Amino acid sequence: PNRTPKSLVLDIEELADQLSIGEKFYVIGYSMGGQATWGCIKYIPHRLAGVALVAPAVNYWWKSLPLNVSTQGFNSQPKRNQWAFRVAHYAPWLLYWWNTQTWFPGSCMANRDLSVLSEPDKDIMSKLGSSTRPYLAEIRQQGIHESMNRDTIVGFGSWEFD
């Protein structure tokens, strides 16, 4: 519950030490792993041999993004996602309530609404089916907050180094 970007990085550093992989190591951040990767760049650059970001989540509130780019990206999201992202950014402790209350629609992700996907993405998803994703049940095994809400908070909340 008291995780921070820095504590996550210190866990990564400790794991690398416990695995005895050497003084320097590579980090690859995929999707939500981008936060951990950026954290490694910020807090332990002296331990990194290299870094790769693969399709990282983009936080629309990052100060380093040009305002017109972040505004255009944010406005391209469905309204229900815009509101969920605002809640995650400004009041993360309310996100679980936001996604479970019934007065307003929660985020597309929390409600498994695939309408946010492009037509080619929908086509790929229908071809894959659930048989090619045996891990599907494990995604939410710790509950909706630890899976979907925590990812939304990580992706759109305030990072201590943004």
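Computed from the coordinates by the stated procedures, all read-outs in this text should not be read as laboratory data. No experiment lies behind these values; they were computed from the predicted model shown. Methodologically, a virtual Cβ is constructed for each residue, glycine included, from the backbone with ideal geometry; neighbour enumeration extends over all protein chains shown.
Does any residue of the range 38-54 turn out to be surrounded by fewer than 17 Cβ atoms within 10 Å (Cβ to Cβ), under 14 Å from the mean Cα position of the chain (by Cα), over 19 Å from Gly157 (Cβ atoms) and of a type in the set (A, V, I, L, M, F, W, C)?
yes
One residue alone among Asn59, Asn81 is in contact with a Cys (Cβ under 6 Å, 6 or more places away or on another chain) and within 18 Å of Gly155 (Cα to Cα), and that residue is Asn81.
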